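> Before I ask anything, let me first share the structure, which is written out below as structure tokens.
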């Protein structure tokens, strides 16, 4: 959603000491700034409240790769994987 395509506006938020520490640790772990992580979290929150369900998003992508010819035969791969499994499920 936001990315950094548009001009960024400065804002101020209040965090507890625990929130600050967790955010700083996560930023170090992911190699991102705290601001980037906060923007990503806002994007997830906004997208999640858009009213579009996960099922609707998945349905919209159905058949997306149907015309691709460079992919392996997934049915054959799956049957190879299933050969070693017990069948009494």
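> I'm trying to understand the selection: among the residues of the range 27-43, which are part of a helix (DSSP H, G or I) and loosely packed, with under 11 Cβ neighbours inside 10 Å?
First, the residues of the range 27-43 that are part of a helix (DSSP H, G or I): 27-30, 34-43.
Hits for the range 27-43 are 28, 29.
> Mind checking which pairs have a first residue in the range 17-34 that is on the phi > 0 side of the Ramachandran plot and at pLDDT below 95 and a second that is surrounded by 11 or more Cβ atoms within 10 Å (Cβ to Cβ) and not in a loop (DSSP other than H, G, I, E, B), Cβ under 6 Å, 6 or more apart or different chains?
Nothing qualifies.
> Across the range 45-73, what is the number of residues that are at pLDDT 85 or above and part of a helix (DSSP H, G or I)?
Residues that pass the stated criteria total 3.
> While we're here: Pairs only if they're at least six apart or on different chains, beta carbon under 9 angstrom, first in the range 36-65 and under 18 Å from residue 6 (Cα atoms), second at pLDDT 85 or above and part of a helix (DSSP H, G or I); list them, first residue then second.
36/27; 36/30; 37/23; 37/26; 37/27; 37/30; 38/23
The values are calculated or read from the model by the stated rules, or taken from the named source; none is laboratory data. Note that the structure is a prediction, hence the values are computed from the model and not measured. Cβ: placed from backbone, ideal geometry, glycine included. Neighbour counts: every protein chain shown.
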